[in-house]
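The values are calculated or read from the model by the stated rules, or taken from the named source; none is laboratory data. This is a predicted model, so every value here is computed, not measured. A quick note on method: Cβ atoms are made from the backbone with ideal geometry, for glycine too, and the neighbour counts reach across all protein chains shown.
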Amino acid sequence: MPEFLKKIFESDEMPRVLVVGDIILDEYIWGSVNRISPEAPVKILECKAENMAPGGAANVANNLVAMGCEVLLCGAVGKDEKGNRLLALMEKLNIDCSGVFRFAKRPTTNKVRVIAHNQQILRIDKEDKSPIVGETEAKLVHFVSKAISNVDGIICSDYQKGILTESVLKAIVHRAKKYKKQIIVDPKGLDFSKYHGVHCITPNEKELEKASPIKIQSEEEWNRAVQYFFGLIQPETILVTRGKDGMSLFEEDGKKHSKIETDAKEVYDVTGAGDTTIAVFGMALFYGFDYFNAARLANMAAGIVVGKIGTSVVTREELNLFLTEGKLLLKRNILSFSEVQQMVCLAKSMGKKIVFTNGCFDILHGGHIEFLKQAKTKGDVLIVAINSDSSVKKLKGDGRPLKSEVERANILEALKYVDFITIFSEPTPVKLINELKPDVLVKGSDYENKEVVGRDLVEDYGGKVELIPVVQGLSTTGLVQKIVKNYTN
């Protein structure tokens, strides 16, 4: 792998990207099916967990933020509860939503996926797909016209929910030409002529075939179809994602064809894979890579994200580690909050009992090992939440932590008792407990006469709090004091 691909992850100057398109709220209902309804011959889903994630253009924006980019999102959501929740979710993810407007008379686009035993059994869509008109369209055109001069590139995420009208696309192309900015489009629909003037489109095989007047049954017909789209849109390049066959990059009016083999080793879920692809492709292109190497990086990211459950993102650290070590992290267990939330939902849908504990775990000692060993016996999946470096400093003082959060997480990851680790920055793990709703909250027996943070919350929804006997005479503070005393003498 060329060394220069890694340079993007050493840079403090990541691209500023404008994302325009259909903003979607993805919801997941996780459960198990064990019986048939007496009311009708239908399966009953026993709901175990629920979670939400930004979808569509918002997922593209989320992937860019995870890569370290500054993102300006433009689109619209409804004046409804779903819209409020989606905006709150994007605010937490540090996505600039100053270009997100509120529909007056249409709902937030919402996709609800029902999952039982790791299998999607139903999807419910709530949407109005009619093209935006009047005031909303005028607001979007005005916003993108003003914003384009201050970004490094533009990504258009078209899910055919009405945002990317001909007027909006023309405004983007016109302003982008004036300021010499690149435009990449993830296209949808039967008429690709509306994308005329963009620099690149990134359809998948089915999307390209549906929009093509040429019936594609051979490689020769593939080339003819691609040349047709070059004539129709006049882009610089076309990047076609082809599932297990990787990607095909066409340049020079289709005369130059580069095949990029897939990096996916195991596919769990393709939801949002196209969003990850266009986000990483755009990031690399706007950073300064050529189309081929930008596509290679995007292909690696797609290989990682299909190994995750639900609408997910690939982080800068994951992609960097893949470039450095040449392996996918499909089985890693140090997770972001959204990732651990997805894994908990999946485990609950399969009837697994979730055990949760938290702490600083600054210097791992025998007491910690025994505690975690016992904690694991309380259920099926043990999640350990560790305090971030800033959080430990607030709790323990300026001299702590002795080991960074990354070191502490890596050490815990090596223990066979620990299934997943996540890092939190808040003073207490209440937010994590509230969102994950573990079946068992575990603390040491030294909390017997103290208030266990989260006890009321866990017991209110029917969970249990378990206190595990601590190994006397072993603590990080005592260990540090002993080391200082011995080495001082």
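For region 112-153, filtered to residues that are of a type in the set (A, V, I, L, M, F, W, C) and closer than 16 Å to PHE101 by Cα, the residue that is modelled with the lowest pLDDT is VAL133. The set of residues in region 28-42 that are modelled with pLDDT under 90 and either loosely packed, with under 13 Cβ neighbours inside 10 Å or charged (D, E, K, R) (or both) contains only ASN34.
Scoring PHE356 on the criteria (1) under 15 Å from GLY444 (Cβ atoms); (2) in contact with a Cys (Cβ under 9 Å, 6 or more places away or on another chain) leaves a single failure, condition (2). With a requirement of 3 or more residues that are exposed (fewer than 14 other Cβ atoms within 10 Å of the Cβ), the strands (runs of 3 or more DSSP E) lying completely within region 66-135 that satisfy it span 119-126. Scanning region 233-245 for residues that are crowded, with 19+ Cβ neighbours inside 10 Å and within 16 Å of MET300 (Cβ to Cβ) returns LEU239, THR241. Would you check if there is a residue in region 388-396 being at negative phi, in contact (Cβ under 8 Å) with a residue 60 or more places away in the chain and buried (at least 21 other Cβ atoms within 10 Å of the Cβ)? No: region 388-396 contains no residue that is at negative phi, in contact (Cβ under 8 Å) with a residue 60 or more places away in the chain and buried (at least 21 other Cβ atoms within 10 Å of the Cβ).
So which residues in region 304-352 are among the acidic types (Asp, Glu), surrounded by 18 or more Cβ atoms within 10 Å (Cβ to Cβ) and at pLDDT below 75?
Residues of region 304-352 among the acidic types (Asp, Glu): 317-318, 325, 339.
The next check asks that each one be surrounded by 18 or more Cβ atoms within 10 Å (Cβ to Cβ); those that pass are 318, 339.
GLU318, the sole residue that qualifies.
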